[in-house]
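Have a look at the structure below, then the notes.
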Amino acid sequence: MTRVVIVGGGPGGYEAALVAAQLGGEVTLVDTDGIGGSAVLTDCVPSKTLIATAEVMTGVRESNELGIRFGARGDSDAENAVHVDLAAVNGRVLDLADRQSGDIASRLASQGVRIVRGRGRLDGRERVIAETEDGEQGFDADVVLIATGAHPRILPDAVPDGERILTWTQVYALDQLPEKLIVVGSGVTGAEFASAYDALGAEVVLVSSRDRVLPGEDADAAQVLEDVFDRRGLTVMSRARAASVTRDGDVVTVRLTDGREVTGSHCLLAVGSIPNTAGMGLEEAGVELDRGGFITVDKVSRTSARGVYAAGDCTGVLMLASVAAMQGRIAMWHALGDAVAPLDLKIVSSNVFTAPEIATVGMSQAQADVAVPKVATVKLALQGNARAKMQGLHDGFVKVFCLPVTGIVVGGVVVAPRASELIYPLAIAVSQRLTVDQVAASFTVYPSVSGSLAEAARQLHLHGEALTRA
Ligand SMILES: Cc1cc2nc3c(=O)[nH]c(=O)nc-3n(C[C@H](O)[C@H](O)[C@H](O)COP(=O)(O)OP(=O)(O)OC[C@H]3O[C@@H](n4cnc5c(N)ncnc54)[C@H](O)[C@@H]3O)c2cc1C
């Protein structure tokens with residue numbers, strides 16, 4: 001039996017453990033903070049559970065157009081008639097995360113995975129030491145997988161106190177909605193929390209060091225989001241780099257590098273992540289790290305040390321739970337001799353859970369703009385879609401990219417409520433190299449927002465040819 005020892009029980013680690021057990025390995029999983037990892041306990045699952053409440057509040061706030069009135073005689077507005085009980089919301093968030101962690105642990109146990117609670121480190125390439133409550137335990141291994149994730153980056157002059165200056169892992173301890181929340185960082189995490197707390201009823205200021213929010217995402221999508229933020233009264237301070245965050249009683253002050261100051265009741269720091277790779281005996285075992293401390297891996301998750309694999313946020317390849325899980329599975333398929341295809345980032349779909357959501361797959365607009373040969377694009381505003389009109393949806397679009405001549409779909413963007421669900425047909429098209437004609441040949445429900453995806457594909461029917469003639 002191949003002895004597999006996995007360090008880290010997030011999606012990178014637990015999905016790998018399930019595959020290794022399925023393929024007949026003797027699997028030990030060492031985790032320090034709880035099965036499910038940050039994904040389940042502090043990051044993905046809690047944030048998306050909080051956002052589920054925010055979504056309902058967004059719907060309530062925008063329901064006037066649909067003829068919904070509040071108060072006995074319709075004399076109250078949504079803001080005054082409905083409010084969020086943050087203690088109840090956060091109680092639900094933490095309870096759900098805890099149960100999800102328990103469900104995963106039970107599944108692992110039922111598959112014969114040995115779970116060890118403790119901090120793991122390498123003792124050479126073929127041995128893992130776990131520091132547990134009962135002292136150190138050593139495990140010999142034929143295959144090791146490191147999947148230890150990452151933790152929030154802290155600025156030296158903006159140290160969280162867990163009460164008013166917070167990282168994203170600490171917000172669930174709040175029992176009252178912040179009066180005025182300053183979110184520092186306008187990447188995916190910052191934008192998601194800004195959007196959510198605004199919907200929940202807090203005044204929100206988003207401090208962005210760049211020209212626009214979501215600098216890594218589709219520029220048209222980011223523009224839609226900025227417009228929506230503006231309309232809802234959420235303030236975006238762009239080209240504003242935070243130098244320090246301090247607290248004086250109930251007031252938090254964010255000082256910017258250009259001398260400006262903004263004050264609020266709370267500050268949420270969302271300025272990136274640091275890999276959990278320090279002090280684990282990695283370099284001593286021959287595992288190469290890059291300058292940021294991320295583990296260098298190839299497309300089948302091998303590190304520079306034979307028999308040692310790595311998956312997930314500790315590799316910095318693409319910090320998504322779905323990618324971590326796939327890297328972990330690929331590592332085990334490779335290590336245990338199963339059929340394996342290398343990781344292909346071109347087919348990864350991802351989503352920003354703002355209101356509206358922004359989902360993308362495959363080639364981006366920035367890549368399409370410089371692609372040779374040229375790539376054809378169609379963008380359709382949600383406002384032209386019958387279902388969107390019925391639902392009172394005004395903000396968003398679908399965008400599809402295809403290759404000339406062949407019409408093969410190479411990417412797409414959906415900006416809409418539940419874009420995370422709508423992107424899947426495009427994800428299938430990109431991964432299976434379907435043509436726009438094949439996508440257009442499938443029936444969509446009438447009326448449906450997904451009808452716009454088929455319409456975009458139809459409009460691209462002759463674009464491939466037109467481009468080659470141009
Ligand atoms: C706020 C937020 C929201 C997010 N939302 C999404 C989302 O909606 N969708 C998505 O795809 N991604 C999302 N992500 C990203 C996602 O959370 C990560 O990509 C994912 O958690 C990575 O999984 P992982 O297995 O690499 O690590 P983790 O989930 O971080 O798990 C690592 C585990 O290893 C343990 N560990 C660390 N060091 C040791 C050690 N020495 N010994 C033993 N155990 C150790 C940790 O305690 C942890 O349990 C979000 C991230 C953030 C910050």
Scanning segment 139-157 residue by residue, those in a strand (DSSP E or B) and either touching an Asp or Glu at 6+ places or on another chain (Cβ under 7 Å) or crowded, with 19+ Cβ neighbours inside 10 Å (or both) turn out to be F139, D140, V143, V144, L145, I146, A150, P152
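Here is a yes/no grid of residues against (1) more than 25 Å from L320 (Cβ to Cβ); (2) among the hydroxyl-bearing types (S, T, Y); (3) within 19 Å of the chain's Cα centre (by Cα); (4) in a helix (DSSP H, G or I):
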position: V183; (1), (2), (3), (4): no, no, yes, no
position: E192; (1), (2), (3), (4): no, no, yes, yes
position: L206; (1), (2), (3), (4): no, no, yes, no
position: S209; (1), (2), (3), (4): no, yes, no, no
position: P215; (1), (2), (3), (4): no, no, yes, no
position: A221; (1), (2), (3), (4): no, no, yes, yes
position: D230; (1), (2), (3), (4): yes, no, no, yes
Can you tell me which of A97, A78 is among the hydrophobic types (A, V, I, L, M, F, W, C), modelled with pLDDT under 95, surrounded by 15 or more Cβ atoms within 10 Å (Cβ to Cβ) and within 27 Å of G201 (Cβ to Cβ)? A78
Return a yes/no flag: does segment 105-125 have any residue that is assigned to a strand (DSSP E or B), surrounded by fewer than 22 Cβ atoms within 10 Å (Cβ to Cβ) and away from the ligand (no atom under 16 Å from the Cβ). no
Tally up the residues in segment 8-36 that are surrounded by fewer than 24 Cβ atoms within 10 Å (Cβ to Cβ), of a type in the set (V, I, T) and within 7 Å of the ligand (Cβ to nearest atom), please. 1
Name the one entry in V297, V254, V340, V271 that is in contact (Cβ under 8 Å) with a residue 40 or more places away in the chain and crowded, with 23+ Cβ neighbours inside 10 Å. V254
Set D369, D344, D290: member being at pLDDT below 95 and either among the acidic types (D, E) or on the phi > 0 side of the Ramachandran plot (or both): D369
Output yes when any residue across segment 219-231 is modelled with pLDDT of 95 or more, within 16 Å of the ligand (Cβ to nearest atom) and of a type in the set (D, E), and no when none is. no
Positions within segment 284-315 being in contact with a strand residue (DSSP E or B) (Cβ under 8 Å, 6 or more places away or on another chain), farther than 21 Å from A335 by Cβ and part of a loop (DSSP other than H, G, I, E, B), in sequence order: G292, G293
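Test A388 against the criterion of being assigned to a helix (DSSP H, G or I), within 13 Å of the ligand (Cβ to nearest atom) and modelled with pLDDT of 95 or more, and give yes or no.
Working: assigned to a helix (DSSP H, G or I): yes; within 13 Å of the ligand (Cβ to nearest atom): no; modelled with pLDDT of 95 or more: yes.
Criteria not met by A388.
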Residue selected from segment 343-357 under the condition away from the ligand (no atom under 12 Å from the Cβ) and hydrophobic (A, V, I, L, M, F, W, C), by the criterion farthest from M57 (Cα to Cα): L343
Among what's in segment 424-457 and is free of Cβ contacts under 8 Å to residues at least 24 places away in the same chain and outside any helix (DSSP H, G or I), pick the residue that is nearest to the chain's Cα centre (by Cα). Q432
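Is it the case that segment 268-283 has a residue that's outside any helix (DSSP H, G or I) and acidic (D, E)? Spell out the reasoning first.
Residues of segment 268-283 outside any helix (DSSP H, G or I): 268-282.
Now restrict to residues that are acidic (D, E): none.
No, that holds for no residue.
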Given the conditions (1) of a type in the set (V, I, T); (2) over 30 Å from A199 (Cα atoms); (3) in a loop (DSSP other than H, G, I, E, B); (4) within 14 Å of the ligand (Cβ to nearest atom), report the number of the one that V340 does not fulfil. (4)
Condition (residue is in a loop (DSSP other than H, G, I, E, B), under 26 Å from V89 (Cβ atoms) and within 11 Å of the ligand (Cβ to nearest atom)) applied to segment 170-177: is it met by at least one residue? no
When segment 348-373 is checked residue by residue, the ones that are in contact (Cβ under 8 Å) with a residue 12 or more places away in the chain, surrounded by fewer than 23 Cβ atoms within 10 Å (Cβ to Cβ) and of a type in the set (A, V, I, L, M, F, W, C) are V348, M363, A366, A368
May I ask you to list the residues in segment 94-122 that are in contact with a helix residue (DSSP H, G or I) (Cβ under 8 Å, 6 or more places away or on another chain) and in contact (Cβ under 8 Å) with a residue 60 or more places away in the chain? L94, A97, Q100, S101, I104, R107, L108, Q111, G112, V113, I115, L122
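If only one of I51, I35 is aliphatic (A, V, I, L, M), out of contact with any strand residue (DSSP E or B) (no Cβ under 7 Å at 6 or more places or on another chain) and closer than 28 Å to L268 by Cβ, which one is it? If you could, list the steps in order and put the result at the bottom.
On the way: I35 fails: out of contact with any strand residue (DSSP E or B) (no Cβ under 7 Å at 6 or more places or on another chain).
Going through I51, I35 in turn, the sole match is I51.
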Could you grab me the full set of residues in segment 158-192 that are touching a Phe, Trp or Tyr at 6+ places or on another chain (Cβ under 8 Å) and either under 23 Å from M319 (Cβ atoms) or surrounded by fewer than 22 Cβ atoms within 10 Å (Cβ to Cβ) (or both)? W168, V171, L177, V183, T189, E192
Is one or more of the residues making up segment 54-63 within 15 Å of the ligand (Cβ to nearest atom) and crowded, with 22+ Cβ neighbours inside 10 Å? yes
Considering only segment 235-255, state which residues are over 16 Å from H266 (Cβ atoms) and in a loop (DSSP other than H, G, I, E, B). S238, R239, A240, R241
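The values are calculated or read from the model by the stated rules, or taken from the named source; none is laboratory data. In this text the structure is predicted, and so the values were computed from the model without any measurement. Every residue, glycine among them, receives a Cβ derived from its backbone with ideal geometry; neighbour counts consider all protein chains shown.
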